1. Just to be sure I understand, how many residues within the stretch 37-56 are within 21 Å of residue 10 (Cβ to Cβ) and over 10 Å from the mean Cα position of the chain (by Cα)?
2. Which numbered condition in (1) surrounded by fewer than 11 Cβ atoms within 10 Å (Cβ to Cβ); (2) of a type outside the set (Val, Ile, Thr); (3) free of Cβ contacts under 8 Å to residues at least 12 places away in the same chain is the only one that residue 7 fails?
3. In the stretch 34-53, is there at least one residue being of a type in the set (Phe, Trp, Tyr), modelled with pLDDT under 95 and assigned to a loop (DSSP other than H, G, I, E, B)?
Amino acid sequence: MFKLKADYTEYENKSLRLPKDLIDQVQNLANENNMSFNKVVIQCIEYALGDMESSD
């Protein structure tokens, strides 16, 4: 199950272009959990990468 966590220690900048509706959904989730947009995006990416099926 996907659960949001509070903090990370090391960062590097990278620019992304995302669809507006996706930005709105992530921002709403961040607001509901009193977190930054960036922290929610990081955790969503980590969750997706961790649940990917391998391409054998």
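The values are calculated or read from the model by the stated rules, or taken from the named source; none is laboratory data. Owing to the predicted nature of the structure, the values given are computational and were not obtained by experimental measurement. FYI the Cβ positions are ideal-geometry reconstructions off the backbone, even for glycines, and counts take in every protein chain you see.
1. Qualifying residue count for the region: 2.
2. (3)
3. No, the stretch 34-53 contains no residue that is of a type in the set (Phe, Trp, Tyr), modelled with pLDDT under 95 and assigned to a loop (DSSP other than H, G, I, E, B).
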